[in-house]
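For reference, the structure discussed in these notes is given below.
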Amino acid sequence: MSNEEHHVDFLRWRSIRQRQKERQFYRLLEDVLTYAEKQTLLREKVRARHIFQQLTCRKPDQPESFSGLAEQVFRIWYALDYLNIRHRRLIQEYLDAGGGIWLDKKSRLVWASTLIASFYSVFFLTRAGENWILQEMASDLPPLTADPRNWPTEEWQEGASVIARPVKVGVQHLPVGPIRVMSPEESDDVRSWLERVYATKRSQQTHLPWRVFMQRQGMGWLSRIESGGCVES
């Protein structure tokens, strides 16, 4: 076999493996979301919605309708970030209940950890050929590539900003939950608000990581782009 043929076979194998990982990942995510919606008590959901409203100053819609941005964000937050009355995340409860047994143990743990570590943040957009490059606003992490096959990039414009929750699966970054494209005015307002609140929290907790801040107090970005009447932190 020539070097060229071997190279082509490797690329094909990598592409097949990547698609397999993406299918498994999204199946696991959907399983976790379904578990959170159908296998948790009403009082847990009521408690979660109260906490979510405190964090975002936005009240989710009724559970039957996932059309609103607040409700879609709540759905992800409830399954991945919310700490229940036992101080555990529902994705952890899902795994303990035997969820995801169709995956090997290592993949379950790696992807669950990756989802727990993910968070919504503001990203600046630049173009690189067919792909888009996302640079996180307050992180020293390298930029990530958003493949249009996995991201809804139809309305994206170079120089704009989006709020997104990316997760790395294989060699690609995939979006978890809704993505919100912001106008320049919204972007300026959200970024300045996040910087101001983060600085205040850092004065109280010197080593507060940006990720932890965004998963908690930073969730107030939702009220900055919707009329929620949020009290200034």
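The values are calculated or read from the model by the stated rules, or taken from the named source; none is laboratory data. Values in this document were obtained by computation on a predicted structure and should not be read as measured data. Here Cβ is always computed from backbone atoms with ideal geometry, including for glycine, and neighbour counts include all displayed protein chains. When the accessible area is computed, the model is the full protein with side chains, heavy atoms only, and any ligands, DNA or RNA have been set aside. Shrake-Rupley method; radii C 1.70, N 1.55, O 1.52, S 1.80 Å.
Remarks
- The sole residue among Trp151, Trp111, Trp102, Trp156 that is open to solvent by less than 10 Å² (accessible area, probe 1.4 Å) and modelled with pLDDT under 95 is Trp151.
- Single residue of Arg86, Arg127 found to be of a type in the set (D, E, K, R) and under 29 Å from Ser192 (Cβ atoms): Arg127
- Residues satisfying the stated conditions in the range 168-192, i.e. within 17 Å of Ala112 (Cα to Cα), hydrophobic (A, V, I, L, M, F, W, C) and in contact with a Phe, Trp or Tyr (Cβ under 8 Å, 6 or more places away or on another chain): Val169, Leu174
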